Amino acid sequence: MAGDSTPMLLSGNHAVAWGVRLARPHVIPVYPITPQTPILEKITEFHSAGEITAEVIAPESEHSAMSACITASLTGSRVFTATSSQGLLLMHELLHYAAGARAPIVMVNVNRTVASPWAFWPDQTDSLSQRDTGWVQLYTESPQESIDTVIQAFRIAEEIGMPVMVNHDAFYVSHAMESVEVPSQACVNDFLPEYSIPNMLDPDRGQSFGAPVDQATYNRVRREMGEALNNAFTACDSAHSAWMELTGRNYGVIEEYRTDGAELVLVTLGSMAGTAREAVDALREQGHSVGLVKVRLFRPFPNDQVIEALKGIANVIVLDRNYSPGLGGILHQEIKAALYGLQDGPKVHGLLAGVGGVNVTPAKIQELVLRYADNDPVVASIWVE
Amino acid sequence: MLEILIQGRGGQGAQTAGNLLARTFFAEGKFVQTFATYGGARRGTPVNSFLLVDDKPIRRRCSIERAGAILCFDDSLLPGLLSQFADRDTLVVVNSRRSPEAYESLGDYKIITIDGIGIAQKNGMGRIINSALLGAFAGALGQPSMAKLKQVVEETAPVKKPENLASCQEAYELTQEVFETRI
């Protein structure tokens, strides 16, 4: 039966490798970096055992890895890569290029602090600082969500013809070993059709990508790229409902947790959503009407879904484990922009909580909610300890 | 929820110990979450391996602030470890030839010592103390079950399976007496 699955004790990174194995990509150019390396290690282990038949390429840098991804993708190959932090930043130039060339690459980024100073802690500044490159960005909370999302990402990328980046937090997800339902090959085959893209590089056809263009053509191509990216909303919805039917696990572009009747709603990304659920339950038990919105799809940004979830809420507290110097928390800014102009919109408080991997416990989140709920919001994000 | 912290120095096997213990609780039907953090990918720096065990799914994703039980691979780490993660109720198993009284100056803690190296060497394991310390920890804590732990050690030990099992069993018996007198 397609819905069959096997429970395994896997880390988030090994769950990703299992997702890649089941999605059967053709080419995997990948360069190691802490804390992504276990993804590469598991993929090469599968490869040497003949369980992944893809061509695995180990170039001399992440820049070259992404170059190889783009060209392989444009020849009609299903392509996967993974990186983290400095590796993602070294790819920056080619992230724009991949989106412009409409190469449906799937990449997992393990969210880790960016240098300087040098560190290995969970922090989402690496991927959030790539938000303008044209990639779809998804953020996951657990190893289970990571394997499911990697498989979904291939379908979304190939349906809309745009690259997709799946992000999970260093250590709390990447190295967290827990029970993961690994779907059967039959289930993934049902979900993910054979890969074919219409415009591929082919020696038998005189066609090239990336030629110099005039202003009007550039303008038109960028608009078309934006439209393609916005198709991610319907592609995500369709992938989510098909996956729900096959596995019973449901994800949305955002997720609302106990927001019914809430007066205050926490908003966050990635692994902190799990910790926030505990805080919400504890606060509800104490009689506080608190809920949670997890933003799973960050690009394109789900403005309509966020407005729908937060209209009528008195207070919103955004928890950002990232920092844009001179601006503040990046999710805080996005939420304010989404809610701007809304009649009687919520008061939005932005808290920089957990930047650099500083520990944020359920008790800490409870304390922050009680401390900031009655304050008047300020424009800037607030550093909290 | 049982919150366990295993601390050692990079290369000593704290991360592996966390994974093996997680496997054992998982085999017993518990929900587990384990992850290790390290300040740098180098031998010799402190490595924390966190393990959460519960009867329901574990949702939080953060480090432990107060551990219910600690397994310490290196007693030179003990002062910092105790002040940061332990209180009077924390069960602390430390790899050391010394007696628990030797650590009285660190404060009022529930410390059990186990001569991991001695047991490992006696059973032909050289300086590989992982199996001995896991046996000692399970004995002192009263869980997970020795049968399941030995099954996991047997499945995962890359070489010297009988020696690993013997180390695990001997250390378990030594600390189990402590567990029994405690209850």
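The values are calculated or read from the model by the stated rules, or taken from the named source; none is laboratory data. As the structure is a computational prediction, the values presented were derived from the model and not from experiment. Cβ atoms come from the backbone with ideal geometry, glycine included; neighbour counts cover every protein chain shown. Surface accessibility is based on the protein's heavy atoms, side chains included, excluding ligands, DNA and RNA. Shrake-Rupley method; radii C 1.70, N 1.55, O 1.52, S 1.80 Å.
May I ask you to derive the FRET efficiency for residue B:145 and residue A:245 from their Cβ-Cβ distance with R0 = 35 Å, giving the value to the nearest 0.05? Before the final figure, lay out the partial values.
Values: r = 39 Å, r/R0 = 1.12.
Efficiency, rounded to the nearest 0.05: 0.35.
Which entries in the list B:110/B:160; B:56/B:110; A:294/A:336; B:30/B:150; B:30/B:148; B:122/B:160 go over 21 Å, if you measure between the two C-alpha atoms of each?
Working: B:110/B:160 33 Å; B:56/B:110 28 Å; A:294/A:336 15 Å; B:30/B:150 17 Å; B:30/B:148 12 Å; B:122/B:160 13 Å.
The answer is B:110/B:160; B:56/B:110.
Could you work out how far apart the two model spin labels at residue A:92 and residue A:204 are, taking each label as a point 7 Å from the Cα in the direction of the beta carbon, and quote it in nm?
Label at residue A:92, label at residue A:204, 4.2 nm between them.
Rolling a 1.4 angstrom probe over the protein heavy atoms, how many square angstrom per residue are accessible across chain B?
Numbers: 7970 Å² over 183 residues.
It amounts to 44 Å² per residue over chain B.
Quick query: amide H of residue A:57 versus all other amide H atoms, modeled in the peptide plane; which residues come in under 5 Å with a sequence gap of 5 or more or a different chain?
A:28, A:30
Compactness ratio of region A:217-292: Cα Rg over 2.2 N^0.38 Å, N = residue count? The partial results should precede the final answer.
Details: Rg = 17.7 Å, N = 76, 2.2 N^0.38 = 11.4 Å.
Here the Cα radius of gyration is 1.55 times the empirical estimate.
Compare the peptides B:111-122, A:334-345, A:55-66 by average per-residue count of other Cβ atoms within 10 angstrom and give them in order, highest first. Provide the component values of the computation, followed by the final result.
Details: B:111-122: 20.9, A:334-345: 14.5, A:55-66: 17.4.
Packing proxy ranking, top to bottom: B:111-122, A:55-66, A:334-345.
Could you tell me the largest-minus-smallest coordinate of the C-alpha atoms of region B:116-170 on each of the three principal axes, in descending order and whole angstroms?
Computed over the Cα atoms, the extents are 26, 22, 12 Å.
Considering Cα pairs under 8 angstrom that are at least six residues apart, work out the relative contact order of chain A and quote it in whole percent. Numbers along the way, then the final one.
On the way: 813 pairs, mean separation 63.1, N = 385.
Once divided by the residue count of chain A, the mean separation gives 16 percent.
Mind listing P(r) for region A:51-157? All alpha-carbon pairs, 10 Å bins, whole percents.
Final binned percentages: 14, 47, 34, 5, 0.
How many percent of Cα pairs in region A:260-385 exceed 18 Å?
On the way: 3715 of 7875 pairs.
The answer is 47 percent, as a whole percent.
At 7 Å along the Cα-to-beta-carbon direction for both residue B:156 and residue A:63, put a label point, then send me their distance in nm to one decimal.
Once both label points are built, they end up 4.1 nm from each other.
Peptides A:288-300, A:112-124: what's the order by average Cβ count within 10 Å, highest mean first? Please report the intermediate quantities before stating the final value.
Details: A:288-300: 22.2, A:112-124: 19.0.
Ranking the peptides A:288-300, A:112-124 by packing returns A:288-300, A:112-124.
Over region B:2-182, what is the relative contact order in percent, taking alpha-carbon pairs closer than 8 angstrom and at least six residues apart? Don't skip to the answer; put the middle values down first.
Numbers: 366 pairs, mean separation 34.9, N = 181.
Averaging sequence separation for qualifying contacts and normalising by length gives 19 percent for region B:2-182.
Given the C-alpha centroids of region A:9-33 and region A:150-189, what is the distance between them in whole angstrom?
9 Å
Where in region A:157-190 does accessible area fall by at least 40 Å² between the isolated chain and the complete protein assembly, at a 1.4 Å probe radius?
Hits at the 40 Å² cut-off: A:171, A:172, A:175, A:177, A:178.
Please average, across the residues of B:105-112, the number of beta carbons from any other chain that are within 10 Å of each residue's own beta carbon, and give a whole number. Write down the numbers at each step before the final one.
Numbers: counts 0, 0, 0, 0, 0, 0, 0, 0.
The shielding value for this peptide is 0.
What quantity of accessible surface, computed with a 1.4 Å probe and excluding non-protein components, is buried in total between chains B and A, in Å² to the nearest 100?
Numbers: alone 9050 and 15770 Å², together 22720 Å².
Buried area between the two chains comes out at roughly 2100 Å².
Need one number: % antiparallel among DSSP beta bridges in chain A, to the nearest 5. Write out the running numbers ahead of the final one.
Working: 14 of 50 bridges.
Restricted to chain A, the bridges split so that about 30 percent are antiparallel.
For region A:255-383, with every protein chain kept in place, what is the accessible area per residue (1.4 Å probe, Å²)? Can you show the working numbers first?
Values: 5000 Å² over 129 residues.
I get 39 Å² per residue for region A:255-383.
Counting only the heavy atoms of the protein chains, how much of residue A:218 is accessible to a 1.4 Å probe, in Å² to the nearest 10?
120 Å²
Over all distinct Cα pairs, what is the inverse of the mean 1/r for the protein assembly as shown, reported as the Kirkwood hydrodynamic radius in Å?
Details: mean 1/r = 0.0400 Å⁻¹.
So the Kirkwood estimate lands at 25.0 Å.
Please give the length that would be gained between residue A:237 and residue A:282 if that part of the chain were fully extended, namely 0.36 nm times their separation in residues minus their C-alpha to C-alpha distance (nm, one decimal). Spell out each step's value before the answer.
Values: separation 45, 0.36 × 45 = 16.20 nm, distance 3.12 nm.
Gain on extension, residue A:237 to residue A:282, equals 13.1 nm.
Can you give the mean number of other chain Cβ atoms that lie within 10 Å of the Cβ atoms in peptide A:109-122?
Working: counts 0, 0, 0, 0, 0, 0, 0, 0, 0, 1, 2, 5, 2, 3.
Mean partner shielding for this stretch: 1.
Treat every Asp and Glu Cβ in region A:5-247 as -1 and every Lys and Arg Cβ as +1, leave all other atoms uncharged, and give the resulting dipole magnitude about the Cα centre to the nearest 20 debye.
On the way: 12 positive and 27 negative charges, 81 e Å.
Magnitude of the dipole: close to 380 debye.
What is the mean number of Cβ atoms from other protein chains located within 10 Å of the Cβ atom of each residue in peptide B:45-57, rounded to a whole number? Don't skip to the answer; put the middle values down first.
Values: counts 0, 0, 0, 1, 1, 4, 1, 2, 0, 0, 0, 0, 5.
That average works out to 1.
Could you sort B:61, A:284 by accessible area so the largest value comes first, with the probe set to 1.4 Å? The partial results should precede the final answer.
Numbers: B:61 10, A:284 60 Å².
The ordering from most to least exposed comes out as A:284, B:61.
Leaving ligands, DNA and RNA out of it, report the carbon-plus-sulfur percent of the accessible area of the protein assembly as shown at a 1.4 Å probe.
Numbers: 11320 of 22720 Å².
Roughly 50 percent, rounded to a whole number.
Restricting attention to region A:189-230, which GluC sites (Glu not before Pro) occupy a DSSP loop and are surrounded by at most 10 other Cβ atoms within 10 Å?
Values: sites: A:194, A:224, A:227; in loops: A:194.
Here the sparse-neighbourhood loop sites are A:194.
Divide by every residue of chain A the summed helix terms, -39500 (n - 2.57) for each DSSP H run of at least 4, and state the resulting mean residue ellipticity at 222 nm, rounded to the nearest 500 deg cm²/dmol.
Working: 14 runs with 156 residues, N = 385.
Result for chain A, helices only: -12500 deg cm²/dmol.
Tabulate in residue order the Karplus-calculated ³J(HN,Hα) for region A:363-371, using 6.51 cos²θ - 1.76 cosθ + 1.60 with θ = phi - 60°, rounded to whole Hz; enter x for Gly and Pro.
Per-residue couplings from phi come out as 4, 4, 5, 4, 4, 5, 4, 5, 6 Hz.
What net charge is computed for the residues neighbouring residue A:352, neighbours being all others with C-beta under 12 Å from the C-beta of residue A:352, Lys and Arg scored +1, Asp and Glu -1? Don't skip to the answer; put the middle values down first.
Working: positive: A:321; negative: A:123, A:320, A:385.
Net charge around residue A:352: -2.
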